[in-house]
Amino acid sequence: MPEEDRGTLYDMAHAAIQDWSISTAGTLEGTYGAAGVARALPDDEVHVWFAASDVFWNDDLARRFLMLLSTDELARHERAAVDADRRLYVAAHGLVRLILTEYAPAPPASWRFLSGPFGKPTAIDDAGRTPVQFSLSHTRGMVAIALTRSCPVGVDVEEMIDQPLDDLKRMVLGEHEAADLLAHLPEMHTRRFLEFWTLKEAYLKARGVGLQQPPGEIEFQLEPGKRPTIRCANANDDEPEAWHFWNAFSFSGHVAAAAVHCHSKDRMTLRVFRAIP
Ligand SMILES: CC(C)(COP(=O)(O)OP(=O)(O)OC[C@H]1O[C@@H](n2cnc3c(N)ncnc32)[C@H](O)[C@@H]1OP(=O)(O)O)[C@@H](O)C(=O)NCCC(=O)NCCS
């Protein structure tokens with residue numbers, strides 16, 4: 001793509017994010033676009049951005065986002081069989097680029113993504129650096145993107161749809177988790193299951209292994225008013241005390257969880273942002 005086109009795209013994309021309002025528990029400490037300052041991301045914070053992807057049904061925004069994608073991303077987008085999946089893909093991958101640019105001064109279209117052995121992506125800027133760690137999750141109606149300065153991070157978001165708790169779902173719960181779930185009223189089972197499930201996925205994504213590791217090998221403990229803790233991580237050599245978890249945050253009928261692995265900090269703070277075009 002010619003350099004001048006990149007500039008135009010960058011301005012257009014930037015204009016898109018400038019217009020967005022950021023709400024919920026977010027703290028704004030300067031925006032990269034207007035003030036020329038990257039958004040602050042201290043070592044002891046994890047930022048999670050949510051976007052209700054239905055808003056990207058706007059053709060103009062979808063077209064702008066599409067222009068930010070790499071050749072590989074465009075090819076994956078084309079391979080999606082259903083139009084709704086194509087839209088979600090553009091929303092998710094366009095947003096990743098714009099949000100990375102909020103934290104580091106690289107044009108959105110310039111980010112490259114390296115894939116780990118099991119598919120975990122790492123963002124590389126135009127100078128070959130990795131200024132932030134990120135994790136992406138997308139499901140019908142919602143995109144979630146988590147970022148840290150340098151600690152491995154994972155995020156998962158799922159739509160809250162009441163479904164029977166079948167054998168397959170039961171298999172991914174550990175013994176204590178299954179007992180915890182059954183101690184709740186049946187109408188709470190879907191939500192409780194998704195709280196465990198999103199934690200497991202967020203943890204496996206932070207580790208970069210995804211579902212290569214059976215989710216049933218990991219157990220989470222949920223206690224009212226406390227952050228989740230990991231009960232056991234069979235066959236892992238992680239130190240449980242270095243993991244930080246947050247669960248059951250999100251909005252619009254979705255449930256999300258985030259996981260961060262960080263040795264050096266006793267405390268980590270989660271900040272949640274909502275991106276609205
Ligand atoms: C990662 C995984 C758990 C995500 O599950 P999901 O609930 O269907 O999807 P989510 O929307 O929450 O997350 C998808 C995103 O996670 C990221 N991702 C993919 N693999 C990942 C991994 N191993 N670790 C962390 N993140 C990963 C990508 O950004 C992906 O987005 P994309 O598919 O649009 O590029 C699942 O896809 C998985 O286990 N993948 C590994 C597959 C594997 O072993 N591949 C072998 C390649 S050799």
**Message:** Among the listed residues Ala206, Ala178, identify the single one that is more than 16 Å from the ligand (Cβ to nearest atom) and of a type in the set (A, V, I, L, M).
**Reply:** Ala178
**Prompt:** If you check Asp72 against the conditions, is it surrounded by fewer than 18 Cβ atoms within 10 Å (Cβ to Cβ), at pLDDT 90 or above and either assigned to a helix (DSSP H, G or I) or not hydrophobic (A, V, I, L, M, F, W, C) (or both)?
**Reply:** yes
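If the requirement is being at pLDDT 85 or above, hydroxyl-bearing (Ser, Thr, Tyr) and either away from the ligand (no atom under 16 Å from the Cβ) or loosely packed, with under 12 Cβ neighbours inside 10 Å (or both), which of these qualifies: Thr229, Thr198? Full working, then the answer.
Working: Thr198 fails: either away from the ligand (no atom under 16 Å from the Cβ) or loosely packed, with under 12 Cβ neighbours inside 10 Å (or both).
Of Thr229, Thr198, the one residue that is at pLDDT 85 or above, hydroxyl-bearing (Ser, Thr, Tyr) and either away from the ligand (no atom under 16 Å from the Cβ) or loosely packed, with under 12 Cβ neighbours inside 10 Å (or both) is Thr229.
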**Request:** Please specify each residue of segment 172-190 satisfying the condition of being part of a helix (DSSP H, G or I) and closer than 9 Å to Glu219 by Cα.
**Result:** Glu175, His176, Glu177
**Request:** Keeping to segment 141-171, report how many residues are farther than 30 Å from Thr122 by Cβ and part of a loop (DSSP other than H, G, I, E, B).
**Result:** 7
**Request:** Determine which single condition Ala123 fails, assuming it passes every other condition in (1) touching a residue at least 40 places away in the same chain (Cβ under 8 Å); (2) surrounded by 14 or more Cβ atoms within 10 Å (Cβ to Cβ).
**Result:** (1)
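Quick grid of which residues meet (1) within 12 Å of the ligand (Cβ to nearest atom); (2) buried (at least 22 other Cβ atoms within 10 Å of the Cβ):
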site	(1), (2)
Val46	no, yes
Ser53	yes, no
Asp60	no, no
Arg64	no, no
Ala81	no, no
Arg87	no, no
Gly94	yes, yes
Ala104	no, no
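With the structure loaded, tell me whether Glu239 is more than 16 Å from the ligand (Cβ to nearest atom), within 30 Å of Thr122 (Cβ to Cβ) and surrounded by fewer than 19 Cβ atoms within 10 Å (Cβ to Cβ) or whether it fails that test. Write out each step before concluding.
Details: more than 16 Å from the ligand (Cβ to nearest atom): yes; within 30 Å of Thr122 (Cβ to Cβ): yes; surrounded by fewer than 19 Cβ atoms within 10 Å (Cβ to Cβ): yes.
Judged against the criteria, Glu239 is a match.
The values are calculated or read from the model by the stated rules, or taken from the named source; none is laboratory data. Treat the numbers as computed from the prediction; the structure is a model and nothing was measured. Glycine gets a Cβ as well: all are built from the backbone with ideal geometry, and neighbour counts include every protein chain shown.
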